[in-house]
Amino acid sequence: MATRKRAATKASKKAAGKPGKLKAFTWKISGHGPWYLATLRWIVFLGVLGTLLGALTFFVLYQAIKIPDPNADFQTQTTKVYYSDGKHVIGTFATQDRESIPLKDMPATMQAAAIAAEDRTFYSNRGIDFKGIIRAARDNATSGQITGGGSTITQQYVKILYLNQERSYTRKVKEAILSIKIHNQLSKKEILEGYLNTIYFGNGAYGLEVASQTYFNKPASELEYAESALLATIINSPSFYDPYAEGAESRIMPRFRYVMDGMLKAGAITAEQNAAWQDKLPPVAKLKENNRYKGTKGYLLDLVKRKMKTLEFTDNQIDGGGLRIVTTFDYDQQADAVKAVKQISPGGKGLHNAVVAVQPGTGAVRAMYGGPDYLKSQLNWATEGTQPGSTFKVFAIIAALEDGYSLKTQLNGDSPQRFGSDEIENQGDSGGRSFGKVPLEKAAEESINTAFVDLTTQMKDGNAKVIEAAKEAGVSDRWADNYKPDVLGTPLGYAPVSPVDMANAYATIAASGKRADWYVIEKVTDKSGTLHQHKVATEQTIPEDVAADTIAALRGVVNKGTGTRGRTVCPTGGKTGTATAGQGTSSRVSSSWFTGITPKLATAVMYNRGVGNEQLQGFLNPFYGGTYPAMTFRAFMNAALDPSDCGSFPPPANIKATKGTTYKKPPPKCDNGQVLNGSRTKCVTPPPPTCNPGRILSPDKKHCINPPKDVCPEIPGDQPYGTDCSSVTPPVDPQSSFAACMDAGGDWRPLEPPVNKPCKDLPGQSGGGGWGAIPLILAGLWVRTRWNDEVEPVLAVPRS
């Protein structure tokens, strides 16, 4: 037994001492010796293994990935921009305007500049440069600005010619493999020639030759070294380094110096040549006119392009990607806007107009007039900022209603008024007169400056609340932040706001307080499908009851206030605005506005002059917002709206005030002969007194008098003689009856008694102890009762 146990123990020890295949393999790698030698052996092994696997992977990918056909984009595709119907074309964006030239026609300095800008190891790398990628990331991070990129010229050429702009690891792998293949199949000179003939230089210029003609009006073969450096600078980001853009020099100079320094290091230029251009750029030619942007459509195309960039479409995609862009602009309404300006605007030196229409509830811009010709002036006055004047008062109304005030809140409309050290007076559409105590709705109707300043001073932090209300409605921070809470005249619109922002803010009111950001691009597609589809998003930023009462105030302006010329075929509300700039003797009228709403469309109309706030008086006469702007608004809206499909506004909410004093209208002052009615709310003409028997009314019908000799007193009633019913059209039988005459609106009066028949023989004048007077008394009572049934109660008239 003990022998068997010893044998089993030996067998188990032998088995435990014999390593498996995996352990044996690892033991061979680790070897015998200290731990650090084993670690080093493992590092070497893994490195060799990784290299073999990488080589195998590269070999497989290299064989699998074929060089595709060149992108169709670089066989030229035009991007088309459409109106909202998707049928009518607004215009097109530049096709790839290219003229290929051989490398021998490209100056050596241009070749050196491109290499210095984009790939300084171009002649030594094999299509990709891993050191360059790491170095670019390090330099960009430490310098605080973008100086160089990680892609080689070969990689850029491959990406443009054979791949797309997709950002994925798959594309990066393809790009790397194809770069190596292109490097192996083409010479460096062939790659550089293809690259410079293909790359985009901005402003519609593809390839070096067209870029040279665009920026310097000369063929590429005649480029100077500094001009070459500028073109090479633009390659990196054509829109950011656009030499025609505002503030271009400050953006371009750092990159331009980087390129010049690279040319110096490569020996392409001398130190003196480099020093000569360290603080300036070579002048560029005047930007050539492009007929695609001619006329009013140019402003639409320019805005579409800018909005496409905010949607992260690249310059290459926009100008040569073969896109189909459907905008929000309505074909007919856009034509109506242009026609309205031509029809109403008086024209004149330096006079500018803007018309913008926004759809409530969606923010879609349906029409936009920014100027007569984009090629003559690139300033789009529909998107540029201009002082909105009293059209900004609508935000004070919103702020007050939200803060506990109402349209009946009493305000001081006296003019001028002092508020601390400042003096405010009524101007513009209000006529500048003093109004005394008025309710808020009246202050809106008459655009009373002093009353609105009084309103904001009544509110705690009133100006800040007005600014916040403007943001709630849709005025962007870009404009709203120009208003400061400590400035007294905030509701008077002293700082610039763009017409499109004002139209969108009013659209929020028309949509019962639901705000949507304004937009112009509805859908973008290409041959692969939909690239962008706008989704409407609304937010209830203004309470519905506040919006309803604000609409009521705006409708009062149009129905009986300063904006009556803005009435349209549909229910309409709006606000006039006339802005001033400067102080004292330099004060001037700077802009004139009318911004209005219907249930289905909100529109802002603006007139200004010069650079945007130059003197308008003398060039637009009259210059008030209730004149030319309101008439332009009406002309556009009546053409754009369908009177059979106006929609409707909500009824007023009649918010009750919890703050301030409620306005009570004083009794009216009555003219001579009139008296106040019983409720003391209006003046009425009192009824004539009822005369006692034997007396008659005086000619002015105010008193009872004794009849003259031989004249019979009036005998009411059904009499065949003694009366006449006149002033009736058509005439009635004058002898019919007193009641018939009165019902017909006639004038019942006495006639001369019949010939040879004395008054005493007439009814009512004979004897009988006074019984003949009974019919007269009864008739008088009937007349008095009839008067009181037909008119409002009046003060008592004494009987005489």
Any idea what the relative contact order of region 215-328 is, in percent, if you count C-alpha pairs under 8 Å spaced at least 6 apart? 26 percent
How much FRET efficiency would the formula 1/(1 + (r/R0)^6) give for SER679 and ASP422, where r is the Cβ-Cβ distance and R0 is 56 Å, rounded to 0.05? 0.85
Rounded to 0.05, the calculated FRET efficiency for the beta carbons of LYS527 and ALA285 at R₀ = 30 Å is 0.25
Let me know the whole percent of all Cα-Cα pairs from region 340-415 that are separated by more than 17 Å. 65 percent
Computed log₁₀ I(q)/I(0) - Debye formula, equal Cα scatterers, no solvent, region 440-535, q 0.10, 0.12, 0.19, 0.23 Å⁻¹: -0.37, -0.49, -0.97, -1.25
Would you kindly state how much longer the chain becomes between ALA335 and SER237 on full extension, computed as 0.36 nm times their sequence separation minus their alpha carbon distance, in nm to one decimal? 31.7 nm
So for each of 469-481, 383-395 I average, over its residues, the number of other beta carbons within 10 Å; can you give me the resulting order with the highest mean first? 383-395, 469-481
Segment GLN343-GLU312, length gained on full extension (0.36 nm per residue, minus Cα span): 7.2 nm
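Report the calculated FRET efficiency for VAL487 and LYS702 (r = Cβ-Cβ distance, R0 = 60 Å), to the nearest 0.05.
On the way: r = 59 Å, r/R0 = 0.98.
Rounded to the nearest 0.05, the efficiency is 0.55.
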Treating the Cα atoms of region 232-386 as identical point scatterers in vacuum, please give the log10 of the normalised Debye intensity I(q)/I(0) at q = 0.09, 0.11 Å⁻¹, two decimals. -0.44, -0.61
With the charge dipole of region 535-670 built from beta-carbon charges (+1 for Lys and Arg, -1 for Asp and Glu) about the Cα centre, the Cα from THR568, THR550, THR585 projecting farthest to the positive end belongs to THR585
Three principal axis extents, largest first, for the C-alpha atoms of region 486-529, in Å? 56, 24, 16
Given the pairs LYS408/LYS665; LYS218/LYS305; LYS408/LYS442; LYS104/LYS189, which span a C-alpha to C-alpha distance of over 18 angstrom in this model? LYS218/LYS305
Taking N as the number of residues in region 600-686, the ratio of its alpha carbon radius of gyration to 2.2 N^0.38 Å works out to 1.85
Taking the simple approach of a point 7 Å from Cα along Cα-to-Cβ for both LYS535 and THR658, what is their distance in nm? 3.7 nm
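I need the peptides 522-533, 566-577, 402-413 ranked by packing, meaning the mean over residues of other C-beta atoms within 10 angstrom, with the highest value on top.
Listed from highest to lowest mean packing, they are 566-577, 402-413, 522-533.
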What is the percent of Cα-Cα separations in region 278-340 that go past 20 Å? 47 percent
For region 373-517, just run the numbers: alpha carbon Rg, then divide by 2.2 N^0.38 Å, N being how many residues it has. 1.06
Alpha-carbon centroid distance for the pair region 563-602 / region 275-295, whole angstrom: 39 Å
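Ranked highest first by the average count of other Cβ atoms within 10 Å around their residues, in what order do 637-647, 670-680 fall? Don't skip to the end; give the middle numbers.
On the way: 637-647: 15.3, 670-680: 11.7.
In decreasing order of mean packing, 637-647, 670-680 become 637-647, 670-680.
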Debye intensity ratio I(q)/I(0), log10, region 172-302, q values 0.12, 0.16, 0.19 Å⁻¹ (C-alpha model): -0.57, -0.93, -1.16
Expressed in angstrom and ordered largest first, the alpha-carbon extents of region 572-717 along the principal axes are 85, 46, 41
Modelling each spin label as a point 7 Å along the Cα-to-Cβ direction, I'd like the SER587/SER221 distance in nm, to one decimal. 6.8 nm
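Short version: what are the Cα gyration tensor semi-axes of region 203-244, square root of 5 times each eigenvalue, largest first, in whole Å? Provide the component values of the computation, followed by the final result.
Working: eigenvalues 49, 26, 13 Å².
Working from the Cα gyration tensor, I get semi-axes of 16, 11, 8 Å.
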Extension gain from LYS87 to TRP27, taking 0.36 nm per residue of separation minus the Cα-Cα distance: 14.0 nm
Mind scanning LYS471/LYS514; LYS339/LYS376; LYS342/LYS560 and naming the pairs with a C-alpha gap bigger than 23 Å? LYS342/LYS560
In whole µm²/s, the translational diffusion coefficient that Stokes-Einstein assigns to region 534-594, given a Kirkwood hydrodynamic radius over C-alpha pairs, 4 °C and 1.567 mPa s, equals 91 µm²/s
Using the basic label-point model (7 angstrom from Cα toward the beta carbon), what is the ASN559 to THR78 distance in nanometres? 5.2 nm
Note on region 177-253: the mean projected area of its alpha-carbon convex hull, in nm², is 5.9 nm²
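Every number in this text was worked out from the coordinates using simple rules, so none of it is lab data. These numbers were taken from a predicted model, which means no experiment stands behind them. Using ideal geometry, Cβ is built from the backbone for each residue, glycine included, and neighbour counts are taken over all protein chains shown.
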